[in-house]
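Below is one structure, written out as structure tokens; the observations come after it.
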Amino acid sequence: KDPQVAIPKGTMLAIVITTIAYIAVAICAASCVVRDATGNINDTVVSGMSCNGSSACSLGYDFSRCASQPCDYGLMNNFQVMSMVSGFGPLITAGIFSATLSSALASLVSAPKVFQALCKDNVYKGLQFFAKGYGKNNEPIRGYVLTFVIAMAFILIAELNTIAPIISNFFLASYALINFSCFHASYAKSPGWRPAFRYYNMWVSLFGALLCCGVMFVINWWAALITYAIELFLYIYVTYKKPEVNWGSSTQALYYVNALDSALALTTVEDHVKNFRPQCIALTGAPMIRPALLDITHAFTKNNGLCICCEVYTLCVKEMNSGMAKKQDWLTKNKRKAFYAAVAADSFRDGVKSLLQASGLGRMKPNTLVIGFKKDWRNATAAQVENYVGIIHDAFDFELGMIIVRISQGFDISQVLQVQEELEKLEQERLALEATIKENDFEEGKSGICGFFRKASTLNISKHETKKESTINTIQSMHVGEFNQKLLEASTQFKKKQGKGTIDIWWLFDDGGLTILIPYILTIRKKWKNCKLRIFTGGKVNRIEEEKLVMASLLSKFRIKFADINIICDINIKPNKESWKFFEEMIEPYRLHESCKDITTAEKLKRETPWKITDAELEAFKEKSYRQVRLNELLQEHSRAANLIVLSLPVARKGIVSDYLYMAWLEILSKNLPPTLMVRGNHKNVLTFYS
């Protein structure tokens, strides 16, 4: 009626009764039979012989030669001794057969079932053959046959005393693992582990596991070593292969407890500049859509800091909930050590605000925001541009560092993925049609009108297949025409090992050292180790050598290796006319030109289009605009061949510089360059002289 109560009671009672019975049998046998005997009734004691406490001697028999040569009788030598001393010998034989059959049947029924479950989970590759079941109860017949073959193989050895230690050791090993599993589940403090046995204690389970291990060596040390070797091999195999099954194991629970304890312990330690590491929120959206942005972020956070790929949903919350596990699985499958987080919000900017404030745990909170450059800002709405620039301001307000990444081809490859998905579907349809045609050819009628109609059906399918193939060819030709090969190559450029070259650092502002730290971390990665650091900074013409020495001394104190230092003296001169003309043409659609209109019209335009660049604003920030255009000329001159450019990000004063003017600065600054990281720290020191 109540298995949770009855099974423990029945088990304990069975153990007690069995133990008493075994002890009683041992006492009875020891009371009736001596330890060693020759089996010869004429081996009697000679007069005057000293017995020295021998039981056989006290009974009048001399079995002293058993000490120097083997004897066939006695408790230690004769395995049929119970039949000899029993009232009815065949009863003992019948009992042995009954016990053997009951144990054999239990093993024959239970072991194949467990083995079948193991095979279904595909824990060990190559054993899937034994996962198949038969009948209503899904009986593991193949497992039964395998068990029978193994049992027969051991029976044919015909040496029970040789087999018994091995079998006993494997049974003890399974008992030890069960006991240790109970202890481990209790130690992990998983809420799902709720033992109903009143007198259960985790330390008793551990003691039982250790006792089993000890008894294994007492029975047979070499058999115990073989058993441990097999267990170790199976454990290493499973750990290495990592089968895609989830049993809710206690190991998983212990991982959680350890991670929680470590996170809590970390909160008690104050942050120190020596232990600073970039912990990034990367606005990748779905990570498979912008892989290049994830790859460059992962390059300086892997095994070093936190990386969270974030996506903001403004419409469908259900889609967000259903896709989170899939996208995290994609990261795991592609060996990206990153987390995926999604948030639903009324607008993109509100969602990013929520992520900036709520992401992370304790000390493991993001300190740097990574976003891609908004390449289509000139075609975007004013609200979209405002949101993008607003996110940059929000990052600084929340005291995060900022990294804007730009590559020439852009990051979004969603169209490429869509075309690939359509081609895969069409290929599956084509294969299905081919299979149908083969079946029809195989079943083609032998003769008569039926055969004729079957041939006609085959012909019709063939035509349909030809039509499908032509459709596929059309799609493929369209695919070749529209598919942007450069975009696909650009999306994987940071996965490849970078050849010999340079990472050019244009350190134009003191932001705490993030602009230097990021490229340094890249150079200690395997894919970037062939790239040398070149430092570019502003200076005066008459102090070039002095400033070089100062910069070299500073970097040496920071223990950052560099290949070259360049002092740029002409940053603040005006750009050439062609470059400035291009900049003016770029911002022309977004200018208000209020100075050319009467006051009333100008005020009305300001109210209607507050996002436009006024003449007063353009004049006020003319020198800064000159600087961005001039910097691009210098970048084109000095860093056009670099593998990567890391550049100080210009900052616009919130509410003072319009969004479109700021986007124009970023556009002209990073135009026609190799992959560029525009970096700005939050003015907290991330580098120190002290190791």
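What follows draws every value from the coordinates through simple rules; no lab data is involved. All of these numbers come straight from a predicted model, not from anything done at the bench. Positions of Cβ are generated from backbone atoms using ideal geometry, with glycine treated the same way; all protein chains shown enter the neighbour counts.
Loop-only trypsin sites (Lys or Arg not before Pro) in the range 253-346, please: DSSP not H, G, I, E or B, and at most 11 other Cβ atoms within 10 Å.
Answer in residue order: K335.
Note down the nm distance, to one decimal, between modelled labels 7 Å out along Cα→Cβ at S354 and at K335.
3.5 nm
Take the Cα atoms of the range 501-680, find their three principal axes, and give me the spread along each one in whole Å, biggest first.
Over the range 501-680, Cα extents along the principal axes are 61, 38, 29 Å.
Output the 0 to 90 degree angle, nearest 10, between the alpha-carbon long axis of helix 89-120 and the longest principal axis computed from the alpha carbons of the chain.
Roughly 10 degrees, rounded to the nearest 10.
In whole angstrom, how long is each semi-axis of the equivalent ellipsoid of the range 308-407, when you take the square root of 5 times every eigenvalue of its Cα gyration tensor and sort them from largest down?
Over the Cα atoms of the range 308-407, the ellipsoid semi-axes are 22, 18, 15 Å.
By per-residue mean of other Cβ atoms within 10 Å, what is the highest-first order of 501-510, 615-624? Don't skip to the end; give the middle numbers.
Numbers: 501-510: 21.0, 615-624: 13.6.
Final packing ranking: 501-510, 615-624.
Specify which labelled value, from (i) 57.2; (ii) 52.8; (iii) 44.9, agrees with mean projected area of the Cα convex hull in nm² derived from the coordinates of the model shown.
Computed from these coordinates, mean projected area of the Cα convex hull in nm² corresponds to label (i).
Add +1 for every Lys or Arg and -1 for every Asp or Glu among the other residues with Cβ under 13 Å from the Cβ of Q384, and state the total.
Net charge in that neighbourhood comes out at +1.
Tell me, Y228, Y662, Y626, Y199 in order of fewest to most beta-carbon neighbours within 10 Å?
The order, fewest Cβ neighbours first, is Y199, Y228, Y626, Y662.
Taking every DSSP beta bridge with both residues inside the chain, roughly what % is antiparallel (nearest 5)?
20 percent
Give the aspartates and glutamates whose C-alpha is closer than 17 Å to that of K327, dropping any in the same chain fewer than 8 places away, or say none.
Once the sequence-local aspartates and glutamates are set aside, what remains near K327 is E244, D295, E311, E319, D412, E421.
Net charge near L555, counting Lys/Arg +1 and Asp/Glu -1 over other residues with Cβ under 14 Å of its Cβ?
Summing Lys/Arg as +1 and Asp/Glu as -1 gives +3.
How about the range 531-560: which trypsin sites (Lys or Arg not before Pro) there lie in a loop by DSSP and see at most 11 other Cβ atoms within 10 Å?
K540, R559
Starting from 0.36 nm per residue, how many nanometres of slack lie between L127 and V257 once their C-alpha separation is accounted for?
43.4 nm
Mean separation of Cα pairs under 8 Å and 6+ residues apart, divided by the residue count of the chain: what relative contact order is that in percent? Each step should come with its number before you reach the end.
Values: 809 pairs, mean separation 69.8, N = 691.
Relative contact order for the chain comes out at 10 percent.
Of all trypsin sites (Lys or Arg not before Pro) in the range 141-239, which ones are in loop regions per DSSP and have a Cβ with at most 11 other Cβ atoms within 10 Å?
Details: sites: R142, K189, R198; in loops: K189, R198.
Listed in order of number, the matching sites are R198.
If amide H atoms are built 1.01 Å from N in the plane of the peptide, which residues on other chains or at least 5 residues away come under 5 Å of the amide H of F536?
Hits under the 5 Å cutoff: I505, W506, W507, N566.
At 0.36 nm per residue, minus the direct Cα-Cα distance, what do T688 and V273 gain on full extension? Give it in nm, one decimal, please.
Difference between extended and current length: 148.7 nm.
Could you list F536, F689, F154 so that the one with the fewest beta carbons within 10 Å of its beta carbon is first and the one with the most is last?
F689, F154, F536
Given only helices, namely DSSP H runs of n ≥ 4 each adding -39500 (n - 2.57), what is the per-residue ellipticity at 222 nm of the chain, to the nearest 500 deg cm²/dmol?
Taking each H run of at least 4 residues, the total per residue is -18000 deg cm²/dmol.
Using only the alpha carbons of the range 94-239, determine the length spanned along each of the three principal axes and report them from longest to shortest in whole angstroms.
Largest first, the range 94-239 extends 43, 39, 35 Å along its Cα principal axes.
Compute the Kirkwood hydrodynamic radius of the range 77-131, taking the inverse of the mean of 1/r over all pairs of distinct Cα atoms, and give it in Å to one decimal.
Hydrodynamic radius (Kirkwood, Cα pairs) of the range 77-131 is 14.1 Å.
Order by neighbour count: V651, V46, V370, fewest other Cβ atoms within 10 Å first, most last.
Details: V651 15, V46 6, V370 29.
Taking fewest neighbouring Cβ atoms as first place, the list is V46, V651, V370.
Could you sort out which of K326/K500; K557/K622; K337/K529 sit more than 32 Å apart by Cα distance in this structure?
The answer is K326/K500; K557/K622.
Please name which of F63, G285, V149 has its Cα lying farthest along the dipole of the chain towards the positive end, using unit charges on Cβ (Lys, Arg +1; Asp, Glu -1) and the Cα centre as origin.
G285
Which angle between 0 and 90 degrees, to the nearest 10, do you get for helix 622-638 versus the longest principal axis of the chain when only C-alpha atoms count?
That works out to roughly 60 degrees.
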